[in-house]
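Notes to accompany the following structure.
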Amino acid sequence: MLSRRSLLKLLGISSALPLMGVTRLAWAAENRIIIVGGGAAGTIFAKYLKKILPAAEITIVEKNKTYQPAFVSNHLINGLLDINATQYGYQTLQKNGIKVIHDTVTEIDPVSKNIALAGGKSLPYDRLVLAQGIGFDNAAIQGFDENTLHSWTAGEQVQQLAPKVAGLKPGGVVIVATPAGSISGPWAPFERVSQMAAYFSINNKKAKIILLNGNAKTEDLAIFEDYWQQHYPGMIEAQWQTNVSAIAGNSVTTSAGNTTANLLNVVAANRAGNLALKAGLTDSSGWCPVAAGTFESSKQKGIYVIGDAITPELGLSKTAQSANAQAKLCAIAMANQVQGKAVLQDLPPLIDSEYAILNNDYAIFRTKVFRINADKKLTQVSHGKSQIDDPEKQAQREVLYAQSWFNNITHEMFE
Amino acid sequence: MNKACFKVMIILLLLTCASTVVADNKDLGERLAWSCLSCHGNAGASQGPATPVIAGLSYNYIVGVMLAYKYTDDLEKALDVIDNNPDLADVGIYERFPSTMNNVASALSPDEIKAIAKYFSELPLEKLNQQFDEKLAAAGKKLHKKYCDKCHENGGASTADDVGMLVGQWRNYLTFTMQDYQSGDRGIHKKMNTKLKSMLDKKGEESITQLIEYYSSQQ
Ligand SMILES: Cc1cc2nc3c(=O)[nH]c(=O)nc-3n(C[C@H](O)[C@H](O)[C@H](O)COP(=O)(O)OP(=O)(O)OC[C@H]3O[C@@H](n4cnc5c(N)ncnc54)[C@H](O)[C@@H]3O)c2cc1C
């Protein structure tokens, strides 16, 4: 009689190893996966790929020892969050078998499949996942450089805005300038202004906020403007489709001329990082085109891009929630491919959603849910958002739901 | 190797494949469930302060809630799903106050909802460390025994009989839920409504606070 043991012998496989184990081990030896950036997308990708393929050799290269998420920067302004409670380390990921190297990736060579690190080393990969978030188009604003207070990317800058807002002289003026085009945290400019206004309404009643926003006003934004008019009449002046072309000292230049303030918070146009540009991963929009579902780069085989750096053409927003969902799809699709399954099998919905907390008792949400359809296209299947005339209790609840989201998504990334 | 032997081998290989197909179904539930975790926490054990813990809710309860979210504009459709699925005969459908869950559930098919419900219902209930007031909790304990324990057994710690979750749930979520029951924004089990009304008549508004303190006190 043919037993399972003799079958394995016939196949030339030692019966000491379970069948799955063999393919996984063989695969691990020739598949080194490197993730550039341990943020909203990178951590989640690593965690879930490891869950499906425990033998995979997964390395995150992250320049910072602690992750300070850009998506907390607004919540520090009026004390919704405390900076000490919002810094995260990579120990749990490491304990779970993911290698974490703290260094800056300076170059990706898609031909030799190597990355170069600022520390001098070079690392070979078989598949590379780029999850480095946004970069800035510095050239778009004369005088914009790494020292400009933007508080728009993960790291040190996150905690630098709140103390400056608190230190504004009585009756001082703040300019918040956010660029045209697709940006990280689509609602973040308006949430930021709301949090500043909430803070000033108690601590600096005569302060003024000027919002210079590069994009046109959309329907969503009526909720913000309505709230501002009701609660802080005269404090906020919003200018739409207004782009800053230069900054110098405490003044900004727009097509309307120069404006001076006591505090400048200027964000240059967002795009994929220089690393992606140099590696030829971007198109003329400055973002990385990818295939829906797998998130494999349309420009370079073997490189995957997830999170803020991907093209807005897929219809996904640049949020941590979207980055988190993209990372899961990418990990499952990659594992499917390795395991010889249909690549787009068992993909969960991609839930792209964003909260904005306007004040301690008022928050709003918007959600779009996408699925991969039979044509392998990402298709929006449902959507919803807060309305201006929602019952009061709903807006109050959304504050606690937004805070729950924050606690749960960071916990999911780092625990 | 002779032909017969080869055939046996193919059959054995097919059997191995068949068992991985079954495993894949379990994978499907888990992978769909991953899309919930950024809001509901690792393994459905929300860190709070308000988005509910969903690990350990019963299968029928989760299916019922998800169908109610999905078909919020026409609950008849949820009932149709139940009629067409004999295995869902015990599922109850109750209207919910609108939330982003409507968008989430709309994106899932009834079969996917079942796979997800199976996954979360098999996860352990986690205990929560919530602050509570001992005096109010003691009063709540008595109220619970009198008005609620018949269905929410074991001091509200049981999720059996598809009654949702009271112990191990975030107090903010329980507060919202009780508000919705009182305002009519959430559909309510008939007999529960009778008990709730009679409690409110006799003991007043503060009875709700006392109950929530009691549920939060069990850690
Ligand atoms: C003010 C503000 C508020 C926001 N609010 C929300 C919100 O409420 N909800 C929401 O969902 N989203 C919000 N967002 C958006 C959210 O922050 C981003 O969408 C999300 O962080 C993108 O994830 P990512 O993984 O692509 O990038 P990140 O999370 O930024 O991670 C990128 C990582 O890569 C590292 N890195 C970069 N370059 C290199 C390199 N060369 N070598 C090594 N490491 C490198 C960085 O240090 C960083 O840790 C907000 C954004 C801003 C600016």
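Laid out as a table, the results:
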{"quantity": "Matching residues in the range A:386-395 - criterion: being more than 9 Å from every other protein chain (Cβ to nearest Cβ) and not in a loop (DSSP other than H, G, I, E, B)", "calculated": "A:E392, A:A395"}
{"quantity": "Boolean, A:A154 is within 14 Å of the ligand (Cβ to nearest atom), within 28 Å of A:T253 (Cα to Cα) and in the same structural domain as A:V244 (by TED's automatic domain parsing)", "calculated": "yes"}
{"quantity": "Matching residues in the range B:139-165 - criterion: being over 20 Å from B:S198 (Cα atoms) and either aliphatic (A, V, I, L, M) or outside any loop (DSSP other than H, G, I, E, B) (or both)", "calculated": "B:N154, B:A157, B:A160, B:D161, B:D162, B:M165"}
{"quantity": "Hey, A:K377 more than 12 Å from the ligand (Cβ to nearest atom) and more than 10 Å from every other protein chain (Cβ to nearest Cβ) or not", "calculated": "yes"}
{"quantity": "Those residues of the range A:199-216 which are over 19 Å from A:L168 (Cα atoms) and either at pLDDT below 95 or exposed (fewer than 14 other Cβ atoms within 10 Å of the Cβ) (or both), in sequence order", "calculated": "A:A216"}
{"quantity": "Candidate set from the range B:41-64 (those that are without any contact (Cβ under 8 Å) to a residue 60 or more places away in the chain and within 15 Å of B:I113 (Cβ to Cβ)); member that is surrounded by the most Cβ atoms within 10 Å (Cβ to Cβ)", "calculated": "B:V63"}
{"quantity": "First in the range A:95-112 and closer than 18 Å to A:D126 by Cβ and within 11 Å of the ligand (Cβ to nearest atom), second anywhere and of a type in the set (G, A, S) and part of a strand (DSSP E or B), Cβ under 7 Å, 6 or more apart", "calculated": "A:E107/A:A116"}
{"quantity": "Search result, residues across the range B:77-123 that are among the aliphatic types (A, V, I, L, M) and part of a helix (DSSP H, G or I)", "calculated": "B:A78, B:L79, B:V81, B:I82, B:L88, B:M101, B:V104, B:A105, B:I113, B:A115, B:I116, B:A117"}
{"quantity": "Filter result (in contact with a strand residue (DSSP E or B) (Cβ under 9 Å, 6 or more places away or on another chain), in a helix (DSSP H, G or I) and not aromatic (F, W, Y)) within the range A:218-252", "calculated": "A:D220, A:L221, A:I223, A:E225, A:Q229, A:H231"}
{"quantity": "Candidates A:A356, A:A374, A:A309, filtered to the one that is modelled with pLDDT under 95, on the phi < 0 side of the Ramachandran plot and of a type in the set (G, A, S)", "calculated": "A:A374"}
{"quantity": "Filter result for A:G307 (in a loop (DSSP other than H, G, I, E, B), touching a residue at least 12 places away in the same chain (Cβ under 8 Å), within 16 Å of the ligand (Cβ to nearest atom) and within 14 Å of chain B (Cβ to nearest Cβ))", "calculated": "yes"}
{"quantity": "Hey, A:N147 more than 16 Å from the ligand (Cβ to nearest atom) and within 14 Å of another protein chain (Cβ to nearest Cβ) or not", "calculated": "no"}
{"quantity": "Condition check for A:Y362: among the aromatic types (F, W, Y), within 16 Å of the ligand (Cβ to nearest atom) and either out of contact with any helix residue (DSSP H, G or I) (no Cβ under 8 Å at 6 or more places or on another chain) or within 14 Å of chain B (Cβ to nearest Cβ) (or both)", "calculated": "no"}
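Let's see how each residue does on (1) within 11 Å of the ligand (Cβ to nearest atom); (2) in a loop (DSSP other than H, G, I, E, B); (3) aromatic (F, W, Y):
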site	(1), (2), (3)
A:T259	no, no, no
A:R271	no, no, no
A:T294	no, yes, no
A:K301	no, yes, no
A:Q321	yes, no, no
A:A331	no, no, no
A:M334	no, no, no
A:Q345	no, yes, no
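The values are calculated or read from the model by the stated rules, or taken from the named source; none is laboratory data. Everything quoted here is computed from the prediction, not taken from an experiment. Using ideal geometry, Cβ is built from the backbone for each residue, glycine included, and neighbour counts are taken over all protein chains shown.
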